[in-house]
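To keep things clear, I will list the structure first and then write my remarks on it.
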Amino acid sequence: MEDAFLRYRLATRLARTLREAARPLPLPALGEALGLRGPVERVVRPLLDGRFVLEREVGLWEWRYPFPHKGEAVVVLDLETTGLAPGLNEIIEVALVRLEGEKRIPFQSLVRPERPPSPFIERLTGIRAGMLEEAPLLEAVLEQAYPLLSGATLVVHNAAFDLSFLRPALEGMGYRLENPVVDSVRLARRAFRGLKRYGLDALSEVLEFPKREVHRALDDVERTLAVVYEVYYMLTSGSPRPLEDLGR
């Protein structure tokens, strides 16, 4: 197992220990959470990345300022498609979560394509052709989803891919996607330096999310949001600012 992968996984376990305790803990208590005994400072201290506040005891910056940044709306979005080629392949699922202050608005819908998904896509997503027969058309789905994007910073994992499908679809309806866009892959590369892979499955392993059998859009949104939450505090580390600024 690569050193960076192990280091970030152990750091995430320490963050989880603090969240479960809901209070700062001394270094020895964090060492015990990793199964260590005796002097632990030389092992634990190097694991304390930007998420942690190290004073007399160890705490978390998330207890001192919120995500998203005050006054910023954030929308995390994901699409499932019938393939990799915009114009040839089609969107079959749209999902997003909008965060603004204390508000959390989820949205998810299957989309009826002109051609059914291939057996490979059915296995990958768990979305069967029969599930799409009564689904709304893409235009109807985007009519519902588009207002939720208003005024928000848009977060997408590997944004170029999803936007290559989403932009033309919206433009065909007379809408423009003018939101600032943050690619969570780029943020993850800055925060989790030294990893070999930055796909959502690889980052899910680092953060010890449950394994999954299929890729569905809303689950990808929730995983992306969880990754961005960790990354936000790793990169701000006591200096809160809008996610849009971090993405520049």
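A few comments on the model shown:
- Beta bridge orientation in the chain: antiparallel %, DSSP, nearest 5: 70 percent
- Rotationally averaged projected area of segment 35-88 (alpha carbon convex hull; nm²): 8.3 nm²
- Other residues within the sphere of radius under 12 Å centred on the Cβ of PRO46, judged by their own Cβ, net out at 0 (K and R +1, D and E -1).
- If you take the Cα centroid of segment 1-77 and the Cα centroid of segment 181-248, the two points sit 16 Å apart.
- The helix-based estimate of mean residue ellipticity at 222 nm for the chain, built from -39,500 (n - 2.57) per DSSP H run of four or more residues and divided by its residue count, is -11500 deg cm²/dmol to the nearest 500.
- Computed FRET value (nearest 0.05) for PHE161 with ARG248, which takes r as the C-beta separation and R₀ as 25 Å: 0.75
- Within segment 3-63, all pairs of alpha-carbon atoms sorted by distance into 5 Å bins from zero give the percentages 4, 20, 35, 27, 12, 2.
- Of all aspartates and glutamates in the structure, the ones whose alpha carbon falls short of 18 Å from that of LYS103, not counting any fewer than 8 places away in one chain, are GLU62, GLU72, GLU222.
- Gaussian network model of the chain, springs between alpha carbon atoms under 10 Å - residue of GLU133, GLU102, GLU93 with greatest fluctuation: GLU102
Each value in this text was obtained by applying a stated rule to the coordinates, not by laboratory testing. None of these values were measured; they are calculated from a predicted model. Methodologically, a virtual Cβ is constructed for each residue, glycine included, from the backbone with ideal geometry; neighbour enumeration extends over all protein chains shown.
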